[in-house]
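Undergrad: First the structure, which I've put down as structure tokens, then a few questions once you've had a look.
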Amino acid sequence: MTEPAAAGREMAPKRRRMMDMIMVLGGLKEESAIPLSRVNEELELLKEQVAPLTEEIFAFPMKYFDEFLEAVEKASLLEGVSDRGILKEAIDNLEEAVEKGDIESLQGLLDLLRTRLDSLTKKPGQEDEGEEVDLKEVLAPLPALVDQISVIIGKYEENAAEDAKTAEQDLKDLQQGMEEGKDLLKEDPDEALARLQKLGTKTRYGNFLRTAAQVKRAKREERVDEERFDYLLRHNIMVELYRGVVYFVLTHMGSKTVVELADLTGIEADVLQRSIVSMIQRADIEMVGLDENAPVFARVFDTVPETTMVMKRTVQQLRAVSRSVEGKNRELIASSLQQLEESLERLQKLGQYDETELAEVLGQTREIADNATEGILTKSSDAEAEDLRLLVSAGLEAFARFRLKIALEKGPNLVEGTNVYGEKLDPKKYEQIMDSYLNNELERGTMLILIRDLGAMSAETLAEKTGIPQDRVFRHLLRMKRDELLTLAGEEHGYVLYDVPRTPTKAEVTVRTASDQAALLVTAKNEIETILQDLKPEDIGNLANSLETFSKARDKMEKIEIGGTVVAESLLDTVEDKVKSAVVMAYRTRAKIPSTRPKVTIEDLLDVDVPSVLEEYRSQMGYAPILGFGTVKWEQSKCLGCKSCEIACPEDAITLKPVIDVPSFFEFSDEALEKLPVNRGLFYRTVRGLASQKPTEKVVLNEDKPGFGTVEVDLWLCVACRTCVRRCPGPDDGALELELKWSLPEVVKQIKAGVL
């Protein structure tokens with residue numbers, strides 16, 4: 001896919017500076033090095049200037065955490081921390097910080113966190129005898145919190161309504177543009193397409209933009225006649241534009257029914273219904289509820305807000321709790337649950353929103369649901385009490401899920417009566433199905449309880465704690481992830497960690513932030529002390545980075561409030577100036593001694609990749625040796641052979657060669673073919689169907705054939721500008737991808753060949 005550079009070719013101006021640096025590093029060219037005496041003089045001056053500043057910078061962590069610990073104890077902050085995963089993470093960070101640095105207040109904070117974690121991990125039977133959870137007291141704040149949630153969602157809906165009003169004028173422009181485009185279809189189809197394309201950019205609907213570009217290119221390259229072009233405009237283009245308008249409305253004006261969409265857009269309801277079906281299949285939109293009997297549709301967003309997922313989990317848990325209480329407690333939960341379910345439906349219709357205001361109150365609601373669940377479970381001193389508690393909790397989890405409820409309600413009818421085909425389910429078969437189904441649901445419930453109680457876990461850890469085979473654990477995890485009952489929480493020892501959706505309280509955010517910064521500050525302090533003991537030119541970059549760590553940590557600590565007051569506010573203001581001054585001094589010194597003589601030869605560079613060169617030499621060179629260079633990767637299964645990349649390239653570095661890689665046709669997946677234009681996908685399938693055996697050689701054409709060929713990139717001319725990537729109209733993200741790495745061995749070979 002790349003071409004070797006020919007001797008004597010002109011180099012793009014943007015790369016000259018970069019190539020000079022590579023030659024310097026390779027030993028082919030030497031910069032005028034600064035005398036060693038001057039280098040030492042600048043280093044000593046830096047150490048002398050930084051010394052008084054570092055005294056206060058090094059003292060900052062100890063002074064800050066002294067005040068932080070005092071504020072935590074005074075405000076009883078840790079009573080608001082109940083997430084064991086956050087506590088464990090904070091304890092790990094503080095243990096690391098205490099091990100690396102002697103800060104007494106960090107040890108005190110660590111002891112408090114351990115005590116809090118121990119109190120949360122007490123097993124049933126360890127509490128004082130006679131101590132029982134008063135469910136009435138636990139549930140008392142629930143109605144007020146549910147009302148508060150409804151009010152907050154009301155504000156979100158008001159904001160969404162205001163945004164919708166702003167979008168009304170844009171929608172009117174779209175409607176007017178569509179009518180003008182329709183009128184032009186007979187008189188001037190080319191002008192009609194141009195106007196419709198401009199409308200498409202307002203909808204930001206990718207499928208329309210790609211379809212319009214393909215049709216326009218096909219007409220320009222005379223691959224379709226006037227009759228076919230007219231048909232494509234009236235059907236493909238207009239239908240995709242209708243979908244784009246629907247996408248625009250659902251994005252900017254909120255969820256709508258088909259009737260509401262028809263009123264807003266002026267598009268016939270039956271046309272909209274067909275458009276919506278295809279958009280659901282494409283996963284562009286989804287049904288999120290009912291307005292009386294009419295389905296309500298909303299745009300599918302890339303991520304579901306954490307608060308929406310937490311509310312789903314809280315609703316499920318309260319449903320389970322309501323089955324285990326009586327009297328006024330049940331009535332209170334029932335009324336609150338009904339309102340909470342309505343709020344959840346309203347949130348789902350909103351799609352995306354600012355979670356900040358809702359997070360705190362929803363976290364309190366979730367805590368009530370957790371406490372009520374624990375209060376229902378019978379306390380016992382029996383040795384099997386923990387297993388019993390886990391089983392009961394798992395049962396509550398399982399029965400809270402809608403699928404199990406339907407299976408239990410509808411299942412007996414399959415045995416007692418007949419289905420629409422007149423068939424009757426064998427009772428023994430039904431019993432086997434339900435045994436398997438119940439077992440799966442109970443296993444999933446067990447895993448959810450463990451993760452909620454003990455924090456994020458991997459499939460391996462869950463298998464150890466539950467005794468469930470790891471392959472079955474993994475299948476359960478995937479199912480629960482798909483059902484939005486679990487989220488990904490990073491990795492541990494190479495294993496993916498799964499966690500339940502959590503909305504951390506303000507206290508939990510405070511503890512997490514403080515412990516994270518403690519570990520970073522102690523590490524940075526040790527690094528600075530080591531560097532300053534024997535400061536060398538190549539260490540200046542690391543010195544600046546470590547000082548920057550203090551600056552970033554200070555900025556995050558400035559947001560920590562306990563009792564409505566910023567912790568150690570005056571100390572934070574004082575250290576800010578010291579850190580900034582030290583960073584500036586480090587960068588100034590590095591500017592004065594930007595490089596030393598090269599340490600490697602051209603032969604050493606033959607096997608060195610750019611990232612390692614970047615890491616090793618950036619402190620000496622003063623800039624990163626990677627800008628302007630990259631490798632463009634081409635995926636033939638997505639290529640339309642349109643030459644958009646070749647035409648758009650400002651450096652003439654990319655070409656569509658008349659070479660067809662026929663063997664690769666047999667490697668294309670069915671999924672990739674489905675995303676291509678129909679005729680192109682059909683062509684590939686036809687070739688594969690006609691072949692008696694897989695070809696082994698490429699086909700070289702005598703002349704260019706629009707729509708087919710092999711994309712080749714000349715690395716010598718490419719300046720990694722991404723123009724070709726952006727202009728590619730292929731499926732998904734297009735057929736081209738830029739990787740910001742350059743083949744250094746190839747560069748070196750060209751240097752040795754005397755190109756320069």
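The values are calculated or read from the model by the stated rules, or taken from the named source; none is laboratory data. Computed from a prediction, not measured in an experiment: that's the story for all the values here. Neighbour counts are summed over all protein chains in view; Cβ atoms, including those assigned to glycine, are modelled from backbone coordinates with ideal geometry.
Undergrad: How about the range 307-354: which of its residues are on the phi > 0 side of the Ramachandran plot and either under 28 Å from the mean Cα position of the chain (by Cα) or at pLDDT below 80 (or both)?
TA: Going through the range 307-354, the residues on the phi > 0 side of the Ramachandran plot turn out to be 327, 351.
Scanning the range 307-354 gives a single hit, Gly351.
Undergrad: Using beta carbons and a limit of 8 Å, which pairs, at least six apart or on different chains, have the first residue in the range 688-705 and closer than 14 Å to Ile660 by Cβ and the second one at pLDDT below 75 and surrounded by 10 or more Cβ atoms within 10 Å (Cβ to Cβ)?
TA: Short answer, once both residue conditions are applied: none.
Undergrad: Now a separate question. I want to confirm something. Restricting to the range 79-130 and keeping residues that are small (Gly, Ala, Ser) and assigned to a helix (DSSP H, G or I), which single residue is modelled with the lowest pLDDT?
TA: Across the range 79-130, the extreme among qualifying residues is Gly85.
Undergrad: Related question: Scanning the range 707-726 for residues that are part of a helix (DSSP H, G or I) and touching a strand residue (DSSP E or B) at 6+ places or on another chain (Cβ under 8 Å), which turns out farthest from Ile647 (Cα to Cα)?
TA: So, considering only residues that are part of a helix (DSSP H, G or I) and touching a strand residue (DSSP E or B) at 6+ places or on another chain (Cβ under 8 Å), the one farthest from Ile647 (Cα to Cα) is Val725.
Undergrad: Right, here's the next one. Could we say that Lys556 is among the charged types (D, E, K, R), over 30 Å from Leu109 (Cα atoms), surrounded by fewer than 16 Cβ atoms within 10 Å (Cβ to Cβ) and touching a residue at least 12 places away in the same chain (Cβ under 8 Å) here?
TA: Judged against the criteria, Lys556 is not a match.
Undergrad: Here is a further query. Which helices (runs of 4 or more DSSP H) sit wholly inside the range 636-697 and have at least 3 residues that are of a type in the set (A, V, I, L, M, F, W, C)?
TA: Qualifying helices (runs of 4 or more DSSP H): 644-648, 678-690.
Undergrad: State all residues of the range 684-712 that are among the hydrophobic types (A, V, I, L, M, F, W, C) and at pLDDT 85 or above; if no residue qualifies, say none.
TA: Val699, Val700, Val711
Undergrad: Residue pairs, Cβ under 6 Å, 6 or more apart or interchain, first in the range 257-284 and more than 15 Å from Gly244 (Cβ to Cβ), second among the β-branched types (Val, Ile, Thr) and part of a loop (DSSP other than H, G, I, E, B). List them.
TA: If the second residue must be among the β-branched types (Val, Ile, Thr) and part of a loop (DSSP other than H, G, I, E, B), the pairs left are Ala283/Val300.
Undergrad: Restricting to the range 661-706, what's the tally of residues that are among the hydrophobic types (A, V, I, L, M, F, W, C), under 23 Å from Glu222 (Cβ atoms) and out of contact with any strand residue (DSSP E or B) (no Cβ under 8 Å at 6 or more places or on another chain)?
TA: 4
Undergrad: Can you work out which of the residues in the range 715-737 that are modelled with pLDDT under 80 and not aromatic (Phe, Trp, Tyr) is farthest from Glu671 (Cα to Cα)?
TA: Within the range 715-737, the subset modelled with pLDDT under 80 is 715-721.
Right, trim to not aromatic (Phe, Trp, Tyr) and you get 715, 717-721.
Values: Leu715: 31, Leu717: 34, Cys718: 31, Val719: 33, Ala720: 30, Cys721: 30 Å.
The selected residue is Leu717.
Undergrad: Within the group Asp263, Asp270, Asp291, which residue is more than 21 Å from the chain's Cα centre (by Cα), surrounded by fewer than 16 Cβ atoms within 10 Å (Cβ to Cβ), assigned by TED's automatic domain parsing to the domain that holds Asp190 and closer than 28 Å to Gln339 by Cβ?
TA: Asp291
Undergrad: Which numbered condition trips up Leu497, out of (1) crowded, with 22+ Cβ neighbours inside 10 Å; (2) of a type outside the set (Phe, Trp, Tyr); (3) in contact with a strand residue (DSSP E or B) (Cβ under 7 Å, 6 or more places away or on another chain)?
TA: Failing condition for Leu497: (1).
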